[in-house]
1. Of all residues being touching a Ser or Thr at 6+ places or on another chain (Cβ under 7 Å) and assigned to a helix (DSSP H, G or I) in the range 180-224, which is surrounded by the most Cβ atoms within 10 Å (Cβ to Cβ)? Just the residue, please.
2. Go through the range 310-355 and count every residue that is open to solvent by less than 30 Å² (accessible area, probe 1.4 Å), part of a helix (DSSP H, G or I) and not small (Gly, Ala, Ser).
3. Do we find that His249 is part of a loop (DSSP other than H, G, I, E, B), in contact (Cβ under 8 Å) with a residue 24 or more places away in the chain, touching a strand residue (DSSP E or B) at 6+ places or on another chain (Cβ under 6 Å) and of a type outside the set (A, V, I, L, M) in this structure?
4. Kindly list, by first and then second residue, each pair from a residue in the range 125-153 that is free of Cβ contacts under 8 Å to residues at least 24 places away in the same chain to a residue that is surrounded by fewer than 21 Cβ atoms within 10 Å (Cβ to Cβ) and outside any strand (DSSP E or B), limited to pairs with Cβ atoms under 6 Å and residues at least 6 apart or on different chains.
5. Whether any residue in the range 159-176 is over 29 Å from Gly238 (Cβ atoms), in contact with a strand residue (DSSP E or B) (Cβ under 8 Å, 6 or more places away or on another chain), of a type in the set (A, V, I, L, M, F, W, C) and surrounded by fewer than 22 Cβ atoms within 10 Å (Cβ to Cβ) is what I want to check.
6. Listed residues Asp288, Asp300; which is crowded, with 20+ Cβ neighbours inside 10 Å and of a type outside the set (Val, Ile, Thr)?
7. With the requirement that a residue be more than 15 Å from the chain's Cα centre (by Cα) and farther than 30 Å from Ala354 by Cβ, what does the range 180-214 give you?
8. Of everything in the range 142-179 that's at pLDDT 90 or above and part of a loop (DSSP other than H, G, I, E, B), which residue is nearest to the chain's Cα centre (by Cα)?
Amino acid sequence: MPHESGEPHQPTGTGAPTPDPYGPGKVYRSRGRARHRARRRSLRIAAWTALGVVAVGGGGLAYLYSQLNGNIQGTDINAALGKDRPGEQRNGSMDILLLGSDSRAGTHGQYGSGVTGARSDTAMVLHVDKTHKKASVVSVPRDTVVERPACAKPGGGTAPAEHRAMFNESYQAGGPACTVKTVEKMSGVRMDHYLEVDFKGFTKLIDELGGVNVTTSKAIKDDSSHLSLPAGKHTLKGEQALELVRTRHAVSDGSDLGRIQLQQTFIKALLHRVDSIGLASDPTKLYDLADTATRTVSADSDLASATKLLGLAKDLKGIKPDRMNMVTLPVTYDPKDPGRVVPLKKASHQVWDALREDRPIPGSAADNSVGDRGDAPVTAGT
């Protein structure tokens, strides 16, 4: 596979990579327990479940959803970030940061959501085009080294800027607002909203949906995630779905980049499932799902109500899985630490420029990325 000039595919020496405004940065090892890693990597999936469940209900259930407002925690991102931000888009397009963290335990709402010492190990930028008929999703690897800006701490004071930092540490430094600020700095794209998802409801949501259909092109066995699937069609219930989105050793190069590819495939399968089961005809089941979904979600204060989530979900309902382009931020291994990655300068600019200009992300952007490993061994079922 060809490589961009000056940006090695694999580390070959000890020199630092070319300085990049997206920010290679100092990294720290994250050695949380496997159970915690499993939770973080599955969180992004529940965000789509929550939106999908709300979407299928329709306006007739808005009153019921208003009863669920107490389930959702909100954070005033605009107040936390101030005016030093990228400009707002005026063309009708929208950008939403989807975060996953071990959210509601132990902080008593200090961050709006979040855990003392927590790190947001999953992040996706959802770009909805001006027609609201197509979308692009950019996954940011947790181990990406970036230049983190100074961030206000939720309890007071300021976390100083760090020239070299691991992406997922921005949440620990200043909660969701700091992660939003870091993404805006590295991308130049203003986030209109953010949604954060707690792991607790993930398996329950999948079970309540009756499982999600996938097809494996070959057998997958991963001793770490405990997933064991023969080749063929499967309906994954909650625990098995969790095992799938945890899996990395048995696919691709065994890194988190391969796992991201599996998760993106699972999201499409999940959207197929939500779109096909006709929840609008079963108000009781729909309400139970909505109750579980809203208990997993926190958001910026402009979005932190069941009725506002309903409005957003209805707005996004026209975006079918085949109109959603999912990519991973183009990266290469960090020459200073092969266990970390840095954004490919030219390709990353192509991705972020496309979002800012409301254009499709060019397929060539991922050509040199270490995350470009071909087709995943799992495809979305129907």
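The values are calculated or read from the model by the stated rules, or taken from the named source; none is laboratory data. Because the structure is a prediction, the values reported are computed rather than measured. Note that we place each Cβ from the backbone using ideal geometry, even for glycine, and neighbour counts take in every protein chain shown. Just so you know, the surface numbers come from the protein's heavy atoms only, side chains and all, with ligands and any DNA or RNA stripped out. Shrake-Rupley method; radii C 1.70, N 1.55, O 1.52, S 1.80 Å.
1. Per the stated criteria, the residue is Thr182.
2. Residues in the range 310-355 being open to solvent by less than 30 Å² (accessible area, probe 1.4 Å), part of a helix (DSSP H, G or I) and not small (Gly, Ala, Ser): 7 in total.
3. Details: part of a loop (DSSP other than H, G, I, E, B): yes; in contact (Cβ under 8 Å) with a residue 24 or more places away in the chain: yes; touching a strand residue (DSSP E or B) at 6+ places or on another chain (Cβ under 6 Å): yes; of a type outside the set (A, V, I, L, M): yes.
The answer is yes for His249.
4. Ala150/Pro160; Ala150/Ala161
5. Yes, because at least one residue in the range 159-176 is over 29 Å from Gly238 (Cβ atoms), in contact with a strand residue (DSSP E or B) (Cβ under 8 Å, 6 or more places away or on another chain), of a type in the set (A, V, I, L, M, F, W, C) and surrounded by fewer than 22 Cβ atoms within 10 Å (Cβ to Cβ).
6. Residue meeting the stated conditions: Asp300.
7. Lys200, Gly201, Thr203, Lys204, Leu205, Ile206, Asp207, Glu208, Leu209, Gly210, Gly211, Asn213
8. Here the residue is Phe167.
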